[in-house]
1. Of all the residues that make up the range 1-28, how many are surrounded by 14 or more Cβ atoms within 10 Å (Cβ to Cβ), closer than 19 Å to residue 101 by Cβ and touching a strand residue (DSSP E or B) at 6+ places or on another chain (Cβ under 9 Å)?
2. Against the definition (under 18 Å from residue 28 (Cβ atoms), more than 17 Å from the chain's Cα centre (by Cα) and crowded, with 22+ Cβ neighbours inside 10 Å), how does residue 91 come out, yes or no?
3. Could you go through the range 128-141 and let me know if any residue there is within 16 Å of residue 37 (Cβ to Cβ) and in a helix (DSSP H, G or I).
4. Please go through the range 82-119 and pick out each residue that is touching a residue at least 40 places away in the same chain (Cβ under 8 Å) and small (Gly, Ala, Ser).
5. Let me confirm something: among 136, 146, which residue is farther than 19 Å from residue 10 by Cβ, open to solvent by 10 Å² or more (accessible area, probe 1.4 Å) and of a type in the set (Val, Ile, Thr)?
6. Tell me, which residue of the range 43-73 that is outside any helix (DSSP H, G or I) and open to solvent by 80 Å² or more (accessible area, probe 1.4 Å) is modelled with the lowest pLDDT?
Amino acid sequence: MHPDRALVIVPTYNERDNMPALLDSLLASPLCLDVLVVDDGSPDGTADLVDEHSGSSGRCVVMRRRGRRGLGRSYVDGYRWALAAGYPRVVQMDADLSHNPDYIPALLSASQEADVVLGSRYCRGGGVRDWPWRRVLLSRFANLYVGAVAGLPVRDATSGFRCYTRGALERIQIDRVASNGYAFQVEMTYRAQQAGLLLAECPIVFTDRRAGRSKISRAVLVESMVVPWRLRLGLSAAPARPSPERPAA
């Protein structure tokens, strides 16, 4: 595989209204990008729409997940697929258009020096657009909280827009990641630090979703409060999972 090729992993659950615009942007990029959409059984037909929209380009694949649902499980299956396919770099981003694909070149460029690059709302030059102040306050508090408890040296450990090198994913031991909600991002950051990997942050401006509903629930918030303490106390290990079958391109 070409050393400049990268895979963009997009987890989806009921994101039918957002996917056409996101896919058009990703597939029109002059970069060497392929796309893996990891659909968690969306009742709104997101997976079928992606298949129809991407056509025969060969650069977009849909993984239709079965079994236990969750953001973390979707990402782990996507990472394993990427490793099996031989991609040297993996970018992950949300499907709701809150993450602008225009930032991907900066993430990939920074990954030439760093093992893990976070698209950061809270480093210098980053920001949030169209969020109510209460949500901005909650997000900032969450990052201060997890940073203090888990000892993370970054300003936006909860960011879902990031880039991993292949070596980083291998050293993090993704099969042992236990978190499943938005705390998954925190655990991945913690494990990267514990593995001695070099972390960097690139500024992004996060924009609130254009369509659909947020997946944040009370259970997700509780997990986000508990996980940093589990990490600090060394209680985060999870049993290894079998590899998912690689879907045909």
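1. The total comes to 15.
2. On the way: under 18 Å from residue 28 (Cβ atoms): yes; more than 17 Å from the chain's Cα centre (by Cα): no; crowded, with 22+ Cβ neighbours inside 10 Å: yes.
The answer is no for residue 91.
3. Pass one, the range 128-141, residues within 16 Å of residue 37 (Cβ to Cβ): none.
No, there is no match, as no residue in the range 128-141 is within 16 Å of residue 37 (Cβ to Cβ) and in a helix (DSSP H, G or I).
4. 82, 84, 85, 86, 95, 98, 106, 110, 111, 114, 119
5. Values: 146 fails: open to solvent by 10 Å² or more (accessible area, probe 1.4 Å).
Selected residue: 136, the only one of 136, 146 that is farther than 19 Å from residue 10 by Cβ, open to solvent by 10 Å² or more (accessible area, probe 1.4 Å) and of a type in the set (Val, Ile, Thr).
6. So the first thing to find is which residues in the range 43-73 are outside any helix (DSSP H, G or I), and the list is 43-45, 55-70.
Next, only the ones that are open to solvent by 80 Å² or more (accessible area, probe 1.4 Å) stay: 43, 56, 64, 66, 68-69.
On the way: 43: 94, 56: 67, 64: 96, 66: 83, 68: 73, 69: 81.
Restricting to residues being outside any helix (DSSP H, G or I) and open to solvent by 80 Å² or more (accessible area, probe 1.4 Å), the top hit is 56.
The values are calculated or read from the model by the stated rules, or taken from the named source; none is laboratory data. Quick caveat, the model's predicted, so the values are computed rather than measured. Virtual Cβ from ideal backbone geometry, glycine too; neighbours counted across all protein chains shown. With ligands, DNA and RNA removed, areas are computed over all heavy atoms of the protein, side chains included. Shrake-Rupley method; radii C 1.70, N 1.55, O 1.52, S 1.80 Å.
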